[in-house]
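A short worksheet on the structure shown next.
The values are calculated or read from the model by the stated rules, or taken from the named source; none is laboratory data. Treat the numbers as computed from the prediction; the structure is a model and nothing was measured. Cβ sites come from the backbone with ideal geometry, for glycine too, and all protein chains shown count toward neighbours.
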Amino acid sequence: MSATRLKKSYKFALRSAIYISILVVGLFITWLWYVDDLEQNWYYIPIVALAIFLSCFLVIQIRVERFIYRRIKRIYDDVSLLESSPLRSNPVITDMATLTREIEKFAEDKKIEIDTLKIREEYRKDFLGNISHELKTPLFTVQGYILTLLDGAMDDKNVRKKYLQRAAKGVERLIYIVKDLDMITKLEIGDLNLKLEDFDIIELIQNVFDLLEMKAAKKEIALTFDMDYKEPIMVHADREKIQQVVSNLLVNSIKYGQYNGTTEISVENLIKNKVIVRITDNGEGIPQEHISRIFERFYRVDKSGSRKEGGSGLGLSIVKHIIEAHGEKIYVESVPDVGSEFSFTLEKTTNEPTQSSSESELLNQA
């Protein structure tokens, strides 16, 4: 036992013994003076003082420690019923100040644990509600068409073909959701192997533009670069996964964009070996209170329950996990009715000279 622990443990008995010794010795001196025997027997004073001090200290320490120990041990035993209690491995002590600190720390830890569990429970409820909604819509659609065919509509060749095509679309949507769930599960547990390679990010973005050209044309949204990139910008990443990131972000931009709008992509140099890809639109925008949650699975800003726009509800969550799997960062800025900007960093292939301090600050501000 350390000197500090010893001092704390015996503090009460020590002080009490000193107070009692001073009182008794004072009375003893007064009595000697009263009987006029102080000068002849003064040498008894330190002996009496020492004897009284030791006796009081031992009696008080033993009695108080046993009295308090039994009650404090009961507290430890009650608390140790909790499986994860940090007090189980600590020795039982009778110093009240130390015990109070330990109990307060234990209570604070438990409060944090309970708050975390509540947050997780809310997330679980939201997740189950969202996935139930996402799955039941195509399931009920497929079921409705099949039951209609079984009730006699299959006798009409034209109706049969039309309903089977619609049922097939519902099945495709189910497969799309299941595939996205499988991918995000692998991303979350780190089970998705990245095939890192060097490629031109400008070329990749242009390919995604070409793939989404017809989808953007339906809303008359222009997909453009912020400038004419004459030289390739080589990055080191998983080409297929980064193409999915760009595609998901552009699909969202088109989905929630304004008619006759614009979605613009820029690729800028950051410090040393980094580039940042910015995807900016002039669409609906996202209210500030939703920005912190838009990367959650199935989270939707529109709580009305309408699903006028398709998708699995997992696009942004997959984007975030893919970028983080590369060890990079993704950012979002948005103003309602003005537009949104999603940006993410990537590692450059070529080693270029260190950028200026203003460029160095750009990454922190992104």
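List of remarks:
- Pairs with Cβ under 9 Å, 6+ apart, first in the range 128-147 and in contact (Cβ under 8 Å) with a residue 60 or more places away in the chain, second assigned to a helix (DSSP H, G or I) and among the hydrophobic types (A, V, I, L, M, F, W, C): I131/I177; I131/L181; E134/I177
- The range 330-361 - residue that is at pLDDT below 50 and either in a loop (DSSP other than H, G, I, E, B) or not assigned by TED's automatic domain parsing to the domain that holds V245 (or both) and, of those, surrounded by the most Cβ atoms within 10 Å (Cβ to Cβ): Q355
- Scanning the range 190-203 for residues that are at pLDDT 90 or above and touching a strand residue (DSSP E or B) at 6+ places or on another chain (Cβ under 9 Å) yields L196, E197, D198, F199, D200, I201, I202.
- Qualifying position, being hydrophobic (A, V, I, L, M, F, W, C) and touching a His at 6+ places or on another chain (Cβ under 7 Å), among I221, I184, I177: I184
- For D182, the criteria (1) without any contact (Cβ under 8 Å) to a residue 40 or more places away in the chain; (2) farther than 16 Å from H321 by Cα hold in every case but one, which is (2).
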